[in-house]
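Encoded as structure tokens, the structure appears first; notes follow it.
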Amino acid sequence: MSTVPGFHNPEIFEVLPNACLSPTARDVFDVLTARQEPGGLVRIRQQDIAKRLGLSQSVVSRAIGQLRDKGIIGPRQRQGTVLIHPLLAGYESLAHMVNHLQDPTTFVWPLHFPTGDIRPPRSRDARTDTDFDPDPDGGENAPAPEARPTLRLAG
């Protein structure tokens, strides 16, 4: 196994939470990141990822599909290899990253998640895109009950 590249683009990792990855997809991405060659090529089979994470191969396949849909990993490579997006890949140095990104043969495909300063709501939040208002009265104090109920012991 070659040495793990030590330089990563810190700015892109700040916006990675905006991708709203499932915990499994994030775990798979972490394994891919740890095992990549400089420039983002990873030689690994889904079975190896599944074994490493203690998951079924179908679960790993779905996670890889999510990473692909978000643009975090590239379109299908030959079997047993994955290519991490050039902006998320690891490099030997800053100069190596700049040279790789400026090389006309480097394909930089689009990322399919917002890269702004604020992460969008998590998709599993059932209140997303509803009229639910967690503070309907605009932050004003709730009215106190007029009389406290009398408490009595059961029995």
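The values are calculated or read from the model by the stated rules, or taken from the named source; none is laboratory data. This one's a predicted model, so the numbers in the text were calculated from it and none came from an experiment. Glycine also receives a Cβ, built like all others from the backbone with ideal geometry; neighbour counts cover every protein chain displayed. Just so you know, the surface numbers come from the protein's heavy atoms only, side chains and all, with ligands and any DNA or RNA stripped out. Shrake-Rupley method; radii C 1.70, N 1.55, O 1.52, S 1.80 Å.
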Listed residue (Gly80, Gln102, Pro120) projecting farthest to the positive dipole end of segment 1-126, Cβ model: Gly80
Ordering of 10-20, 25-35 by packing [mean C-beta count within 10 Å, highest first]: 25-35, 10-20
Residue-level accessible surface for Phe7, protein heavy atoms, 1.4 Å, Å²: 60
